[in-house]
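Down below is the structure, laid out as structure tokens.
The values are calculated or read from the model by the stated rules, or taken from the named source; none is laboratory data. Just so we're clear, the structure is a prediction, and the values are computed from it rather than from any experiment. A quick note on method: Cβ atoms are made from the backbone with ideal geometry, for glycine too, and the neighbour counts reach across all protein chains shown. Ligands, DNA and RNA are stripped out before the accessible areas are found, and what is left, the full protein with its side chains, is counted by its heavy atoms. Shrake-Rupley method; radii C 1.70, N 1.55, O 1.52, S 1.80 Å.
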Amino acid sequence: MKRYIFLILFCMLFSSCIFSEGESYKRISMDEATALMKEEKDYILLDVRTKEEYDSGYIPGAINIPLSEINETTITALPDKSQKILVYCRSGNRSKQASEKLVKLGYKNIIEIGGINSWKGEIIKNK
């Protein structure tokens, strides 16, 4: 019986180490992001949708770098790899992919906030 308990504890410890290493960016809800944006000023709000989607409506203050362009080792619009970057897309899928890519490129303070579909605030349109 002691063997099984030891084995279970070992598996739990080992699996938690694997999962904690793989998660290199933080995820928060859009409501939490809204509160963070009210409290803090030193962050970049990054919209990773296409230019057309961005022009059709984006969160005030957001810059647009489409997911397909996040491949370089240095992204000119994001020179400080320790800068807090809040990442969003339409529904949350591309923002997760972009967050993973940014972490692989060496960015240290990435916060994935999901999709603009959950945003309850003002939307700016370029068209």
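Some points to look at:
- Within the stretch 87-112, residues that are in contact (Cβ under 8 Å) with a residue 12 or more places away in the chain and among the charged types (D, E, K, R) sit with their Cβ atoms under 7 Å from residues that are buried (at least 22 other Cβ atoms within 10 Å of the Cβ) and assigned to a helix (DSSP H, G or I), at 6+ positions apart or across chains, in these pairs: Arg90/Ile116; Glu112/Ser95; Glu112/Ser99.
- Output for the stretch 29-48, where each listed residue is assigned to a loop (DSSP other than H, G, I, E, B) and open to solvent by 40 Å² or more (accessible area, probe 1.4 Å): Ser29, Glu40, Lys41, Asp42, Tyr43
- Tyr107 being out of contact with any Lys or Arg (no Cβ under 8 Å at 6 or more places or on another chain), open to solvent by less than 20 Å² (accessible area, probe 1.4 Å) and hydroxyl-bearing (Ser, Thr, Tyr): no
- Long-range neighbours under 6 Å by Cβ, at least six apart or interchain, first residue at positive phi within the stretch 58-75, second at pLDDT 95 or above: Gly61/Leu45
- Qualifying residue in the stretch 66-77 (condition: at pLDDT 95 or above and closer than 13 Å to Gly114 by Cβ): no
- Ala98 meets the stated requirement of being open to solvent by less than 50 Å² (accessible area, probe 1.4 Å), under 26 Å from Lys127 (Cα atoms) and not in a strand (DSSP E or B).
- Some residue of the stretch 18-39 being over 19 Å from Ile123 (Cα atoms), at pLDDT below 95 and among the hydrophobic types (A, V, I, L, M, F, W, C): yes
- Within the set Lys84, Lys51, the sole residue that is at pLDDT 95 or above, more than 15 Å from Gly121 (Cβ to Cβ) and open to solvent by 80 Å² or more (accessible area, probe 1.4 Å) turns out to be Lys51.
- Test: residue in the stretch 55-76 that is more than 12 Å from the chain's Cα centre (by Cα) and among the aromatic types (Phe, Trp, Tyr): yes
- Output for the stretch 55-69, where each listed residue is surrounded by fewer than 17 Cβ atoms within 10 Å (Cβ to Cβ) and either in contact with a His (Cβ under 6 Å, 6 or more places away or on another chain) or farther than 12 Å from Glu122 by Cα (or both): Asp55, Ser56, Ile63, Ser68, Glu69
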